[in-house]
Every structure is written in structure tokens, then in C-alpha cells.
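The next block holds one structure in the form of C-alpha cells; read it before the comments.
Laboratory data are not the source of any read-out in this text; all were calculated from the coordinates shown. Computed from a prediction, not measured in an experiment: that's the story for all the values here. Cβ atoms come from the backbone with ideal geometry, glycine included; neighbour counts cover every protein chain shown.
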């Protein structure tokens with residue numbers, strides 16, 4: 001209850017500050033949303049899209065999941081992507097990962113333990129993450145092993161693999177088939193500096 005009360009108090013303070021700056025701020029958000037970009041990021045609490053980009057309400061359409069994975073069987077992500085492209089007519093998609101990703105670390109640790117395969121949703125996701133990294137290494141860095149690869153480099157490989165999945169996702173292909181231009185970017189967030197670095 002203490003946590004919720006603290007968050008509610010912060011919300012009221014924020015809302016009052018916004019109204020003080022602009023009395024019409026919230027009323028202007030009511031009619032419709034017109035976000036400039038779709039942000040697909042990690043659920044990590046240290047990587048909130050609107051905060052680190054200094055975006056205002058209404059600027060970003062956001063989907064977050066563990067380790068910013070793009071999987072066609074993830075109906076939540078695919079529905080967000082489809083809605084963003086078809087209904088909101090968004091033409092910019094930003095995929096954002098971050099160094100020090102707990103999902104990547106957990107996927108690597110999972111392979112060192114004797115866990116039963118596909119036992120729960122988190123394990124299934126982490127196994128897919130590991131398989132994706134393994135495939136990337138086998139294709140692009142066959143002389144290296146995951147266990148000996150720098151974690152920051154693995155984060156970048158993971159982002160590039162997910163960017164390829166995003167480019168090949170059916171909502172993106174459908175938008176392009178309909179003659180829409182869709183720009184896809186991949187960024188990595190540096191926890192130690194607060195900066196975004198563009199990779200894709």
C-alpha cells in the first residue's frame with residue numbers, strides 16, 4: 001500500500017504541474033493519439049522509453065517485454081505492431097535494447113543449469129533468446145563461443161537479430177506491400193551514461 005500511495009501522490013503532483021504549465025494539456029490528449037514512433041523496448045525498470053527520450057505523452061506508442069524480443073508467436077507484440085502501422089499510420093519503429101540486460105544474462109545462465117525445456121513462459125522465452133544468440137554466433141562469428149563473448153557484444157548481436165525479426169514480421173511486410181515506407185532503427189541504451197547508441 002505504501003508503494004501505491006507514493007505513486008499516486010507523485011501522479012497528482014505531476015498532473016498539477018502539467019496543468020500549471022498548460023491548462024489545456026490533458027484536454028488536448030483526449031481526442032486522439034498521433035504518436036511519432038513505435039518504441040519496442042525491454043521491460044527493465046531502468047529503461048523507460050518516455051523518460052530517457054524526454055518524450056511527452058502522445059509522442060511514443062510503446063511495447064516492452066523481457067529482452068526486447070521480436071517473436072511472431074508473441075501476439076501481444078504483433079497486435080501492437082499491426083495497430084501502430086495500420087491504424088496509427090506510424091512510419092518509424094525503434095527497437096531498443098540495453099547493456100546489462102538481465103534477460104540476456106538469465107538466458108546464458110539457464111543454459112548452464114539442468115532446467116527442463118519449455119517448463120514455463122519465462123523459460124521458453126529465455127530459451128528462444130539463447131537459440132537466437134546461438135544462431136547469430138554460428139552464422140556471423142562461427143569461430144567464437146557464446147561463453148567467451150563479451151556481454152556488451154552479445155547485447156548488440158541480440159539487437160541485430162531482433163531487428164531482422166522485426167523487418168521480416170508480417171505487419172511490416174504488409175505495410176510495405178501496401179506501399180508504406182517503414183523506417184526501422186535499432187538502438188542500445190548505455191546504463192552508465194544515459195545515452196542511446198544507434199546500431200541499426
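Of note:
- Residue under evaluation residue 104, criteria (1) farther than 20 Å from residue 161 by Cα; (2) not in a loop (DSSP other than H, G, I, E, B), criterion not met: (1)
- Exclusive hit being free of Cβ contacts under 8 Å to residues at least 40 places away in the same chain, assigned to a loop (DSSP other than H, G, I, E, B) and over 19 Å from the mean Cα position of the chain (by Cα), set 144, 176: 144
- Test: residue in region 56-66 that is in contact with a helix residue (DSSP H, G or I) (Cβ under 7 Å, 6 or more places away or on another chain) and assigned to a helix (DSSP H, G or I): yes
- For first residues located in region 9-21 and without any contact (Cβ under 8 Å) to a residue 60 or more places away in the chain, partners that are assigned to a helix (DSSP H, G or I) and lie 6+ apart or on another chain with Cβ distances below 6 Å form the pairs 18/25.
- Of note, residue 80 does not satisfy the criterion of being under 25 Å from residue 189 (Cα atoms), in a loop (DSSP other than H, G, I, E, B) and touching a strand residue (DSSP E or B) at 6+ places or on another chain (Cβ under 8 Å).
- Per the listing 23, 9, 15, 32, the residue uniquely over 30 Å from residue 82 (Cβ atoms) and not in a helix (DSSP H, G or I) is 23.
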